[in-house]
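The values are calculated or read from the model by the stated rules, or taken from the named source; none is laboratory data. These figures come from a predicted structure and were not determined experimentally. FYI the Cβ positions are ideal-geometry reconstructions off the backbone, even for glycines, and counts take in every protein chain you see.
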Amino acid sequence: MTAQTLDGAATLRTIKAELAERVAALREQGVVPGLGTVLVGDDPGSHWYVGAKHKDCAEIGITSIRRDLPATATQAEVEAVIDELNADDACTGFIVQQPTGLDEFALLSRVDPDKDVDGLHPVNLGKLVLGEAGPLPCTPVGSIELLRRHGVEIAGAEVVVVGRGITVGRPLGLLLTRRSENATVTLCHTGTRDLAAHVRTADIVVAAAGVPGIVTADMVKPGAAVLDVGVSRVDGKVTGDVHPDVWDVAGWVSPNPKGVGPMTRAMLLTNIVEIAEKSVRP
Ligand SMILES: Nc1nc2c(c(=O)[nH]1)N[C@@H](CN(C=O)c1ccc(C(=O)N[C@@H](CCC(=O)O)C(=O)O)cc1)CN2
């Protein structure tokens, strides 16, 4: 058996086509959405991600405001750029690309929560805990959207998330246990005693530990859906957390690349468009 593909690249194309229509409608009403990015340093991966985000924006009519700073930039210099984007009316929302090597909690906290298209500001993460509306973190919500658009049943599913990071694992547990998703979630991490025993129970596995190949075929229930979120670079090549032999057992697998990564970009675009639409119809 070979698993079916949870195709993030194709889904991104579909979502961009849908959003292009919404952006065109906004422009007709005189609203031009704009994405800002703050990038610190020379990490080639981060440069690629930021470049891809601006390319996506250009394709669907969102304008770009790009602020690239050298690796020597200080906390105060980055905070000054954040203040500038907070005050810029042409900037609907913006992100500080991680990692920065600086105090990221302080940087995230300085972003105007209403412009936080990453959904990672403490106020917006707090809203997620409380079940209030707000921008949602892009990778977790993109993972759910990928499953939904491929018809994978989430309600009632046993989900095992491997990884408790702030950008993926923790918020994903909160999203999946909302009434609208109704999944049962087990959050595993480096302190989990028997990871394989937990993963074996799962209808849906989300591998977001950043450990190449940590989820192997012997751990996966036949027919399960497996999302590969982890990104490591092995010999310069993107390598995920899901071992290739999982494709022989699972029902669905998201490849890596071309799985969850493009969905992160799709949800960033969605967050910008939603904030812009709110400015027209609050
Ligand atoms: N401020 C943020 N920083 C980071 C986030 C984030 O959500 N907000 N997540 C990751 C990186 N990330 C988004 O910025 C991201 C990851 C992957 C992709 C993507 O499209 N990947 C491609 C392949 C890329 C490659 O070949 O290297 C794919 O998976 O097909 C986009 C964005 C950390 N930082």
Looking only at segment 22-48, and only at residues there that are in a helix (DSSP H, G or I), within 17 Å of the chain's Cα centre (by Cα) and in contact (Cβ under 8 Å) with a residue 24 or more places away in the chain, the one that is nearest to Val280 (Cα to Cα): Ser46
Test: residue in segment 102-113 that is under 20 Å from Ser64 (Cβ atoms), within 17 Å of the chain's Cα centre (by Cα) and not basic (Lys, Arg): no
Which numbered condition Leu26 misses (of (1) within 15 Å of the ligand (Cβ to nearest atom); (2) surrounded by 18 or more Cβ atoms within 10 Å (Cβ to Cβ)): (1)
Filtered residues of segment 103-122 (kept if aliphatic (A, V, I, L, M) and away from the ligand (no atom under 11 Å from the Cβ)): Ala106
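Looking only at segment 1-21, count how many residues are buried (at least 18 other Cβ atoms within 10 Å of the Cβ) and assigned to a helix (DSSP H, G or I).
Within segment 1-21, the first condition is being buried (at least 18 other Cβ atoms within 10 Å of the Cβ), and the residues that meet it are 3, 6-8, 11-12, 15-16, 19.
Going one step further and asking which of them are assigned to a helix (DSSP H, G or I), we end up with 8, 11-12, 15-16, 19.
Matching residues across segment 1-21 total 6.
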Complete set of residues in segment 249-282 that are in contact with a helix residue (DSSP H, G or I) (Cβ under 6 Å, 6 or more places away or on another chain), closer than 15 Å to Gln4 by Cβ and not polar (S, T, N, Q): Val249, Val253, Lys258, Gly259
Filtered residues of segment 99-112 (kept if surrounded by fewer than 18 Cβ atoms within 10 Å (Cβ to Cβ) and farther than 11 Å from Glu79 by Cα): Pro99, Gly101, Phe105, Asp112
Residue in segment 259-278 that is out of contact with any Leu (no Cβ under 6 Å at 6 or more places or on another chain) and modelled with pLDDT under 95 present: no
Some residue of segment 76-85 being within 14 Å of the ligand (Cβ to nearest atom) and among the small types (Gly, Ala, Ser): no
